[in-house]
1. Note down all Cβ pairs under 8 Å where the first residue falls in the range 229-247 and is under 15 Å from LYS219 (Cβ atoms), the second is of a type in the set (Asp, Glu) and in a helix (DSSP H, G or I), and they're at least six residues apart or on different chains.
2. Being out of contact with any His (no Cβ under 7 Å at 6 or more places or on another chain) and more than 27 Å from TRP184 (Cα to Cα) narrows it down to one of GLU142, GLU62, GLU93, so name that one.
3. Of all residues being part of a helix (DSSP H, G or I) and open to solvent by 80 Å² or more (accessible area, probe 1.4 Å) in the range 219-234, which is farthest from ALA130 (Cα to Cα)? Just the residue, please.
4. Inspect the range 191-203 for any residue being outside any helix (DSSP H, G or I), out of contact with any Pro (no Cβ under 9 Å at 6 or more places or on another chain) and either of a type outside the set (Asp, Glu) or within 25 Å of TYR104 (Cβ to Cβ) (or both) and give the result as yes or no.
5. So which of ALA204, ALA198 ends up being of a type in the set (Gly, Ala, Ser) and open to solvent by 30 Å² or more (accessible area, probe 1.4 Å)?
6. Within the group LYS257, LYS210, LYS216, which residue is surrounded by 14 or more Cβ atoms within 10 Å (Cβ to Cβ), among the basic types (Lys, Arg) and modelled with pLDDT under 90?
7. Restricting the search to the range 12-53, which residues are basic (Lys, Arg), in a helix (DSSP H, G or I) and touching a residue at least 40 places away in the same chain (Cβ under 8 Å)?
8. Sort out which residues of the range 106-118 are open to solvent by 10 Å² or more (accessible area, probe 1.4 Å) and more than 18 Å from ASP177 (Cβ to Cβ), and write them in order of number.
Amino acid sequence: MSIERTEEETVAYTVEDGIAWVSFNRPEKRNAMSPKLNRQMGRVLEELEFRDDVGVLVLTGEGVAWSAGMDLKEYFRDTEAEGLKGTRKAQRESYGWWRRLRWYQKPTIAMVNGWCFGGGYGPLFACDLAFAANEAQFGLSEINWGILPGGGATKVAVELLPFRKAMYHAMMGENVDGKTAAEWGLVNEAVPLADLKARVTEVAKVLLAKNPVALKATKDAVRRVGVMTYDEAEDYLIRAQEAANSYDSEGRKEGIKQFIDDKTYKPGLGAYDKSKQR
């Protein structure tokens, strides 16, 4: 039986203990990204980004997939029938929320519970960290149906993988499991599916304990400096630290105070106590 979801139903989310659990919610379509889903994901990201009760965002999928990529019928065939106008509109909606996620205010984690194909590499790369189930399957299947891995997928492969692995992955159209994806660098770590949410929760709680201004500055810096010369990166990082201090002048001072004066923590072993910050 075919399931017809409303636009609002294509994305689900809950907020629990500072963590926003956001899900692709088209399990009957392996969470393929349709124009409806892309529009709704943009709204959800907008709603959650500056909420005081959200400190970390986790992106996952309902059912057996994370995302099977772009919906071949709704994203490609139906929009192409509208001509260039329809194609460009669909591209803006999808690339737009991936870009928003890349520079999101809060730390983001991809929790890859199952299939992650093609266009799914866009939001995968957009998340700051990524954890996968051993059982998950990753693939650039575009070559198998006669196109190149577009929508940034080829760029993602080159960014995350060594050259020879990126070339093989893109040209062969073969799948790799979560364990291999971790070995290759597509994700940080792979664990059994039964342990995946607990591991992601553990990581999210570590992030929640850290200074949010410093986290935002750090994640932006890691993305920015990769395309800079050393001198450009050095200058950028000095300015970024000064900007972060202007937003949170007391945070750095409190951390230094707790280490030097109070002797209540060691920076190499954890974060300072934010609850004592004025």
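The values are calculated or read from the model by the stated rules, or taken from the named source; none is laboratory data. This is a predicted model, so every value here is computed, not measured. Cβ atoms come from the backbone with ideal geometry, glycine included; neighbour counts cover every protein chain shown. Accessible surface areas use protein heavy atoms only, side chains included; no ligands, DNA or RNA. Shrake-Rupley method; radii C 1.70, N 1.55, O 1.52, S 1.80 Å.
1. That search, which allows pairs on different chains as well, returns ALA240/ASP220.
2. Details: GLU142 fails: more than 27 Å from TRP184 (Cα to Cα); GLU62 fails: more than 27 Å from TRP184 (Cα to Cα).
Selected residue: GLU93, the only one of GLU142, GLU62, GLU93 that is out of contact with any His (no Cβ under 7 Å at 6 or more places or on another chain) and more than 27 Å from TRP184 (Cα to Cα).
3. Step one: list which residues in the range 219-234 are part of a helix (DSSP H, G or I), which gives 219-225, 230-234.
Subsequent filtering for residues that are open to solvent by 80 Å² or more (accessible area, probe 1.4 Å) retains 222, 224, 230-232, 234.
Working: VAL222: 15, ARG224: 19, TYR230: 27, ASP231: 30, GLU232: 28, GLU234: 27 Å.
This residue is ASP231.
4. Restricting attention to the range 191-203, the residues satisfying the condition of being outside any helix (DSSP H, G or I) are 191-192.
Subsequent filtering for residues that are out of contact with any Pro (no Cβ under 9 Å at 6 or more places or on another chain) retains 191-192.
Adding the requirement that they be either of a type outside the set (Asp, Glu) or within 25 Å of TYR104 (Cβ to Cβ) (or both) leaves 191-192.
Yes, because at least one residue in the range 191-203 is outside any helix (DSSP H, G or I), out of contact with any Pro (no Cβ under 9 Å at 6 or more places or on another chain) and either of a type outside the set (Asp, Glu) or within 25 Å of TYR104 (Cβ to Cβ) (or both).
5. Values: ALA204 fails: open to solvent by 30 Å² or more (accessible area, probe 1.4 Å).
The conditions single out ALA198.
6. On the way: LYS210 fails: modelled with pLDDT under 90; LYS216 fails: modelled with pLDDT under 90.
The conditions single out LYS257.
7. Step one: filter the range 12-53 for residues basic (Lys, Arg), giving 26, 29-30, 36, 39, 43, 51.
Retained after the next criterion (residues that are in a helix (DSSP H, G or I)): 29, 36, 39, 43.
Scanning the range 12-53 gives LYS29, ARG39.
8. Those that are open to solvent by 10 Å² or more (accessible area, probe 1.4 Å) and more than 18 Å from ASP177 (Cβ to Cβ): LYS106, PRO107.
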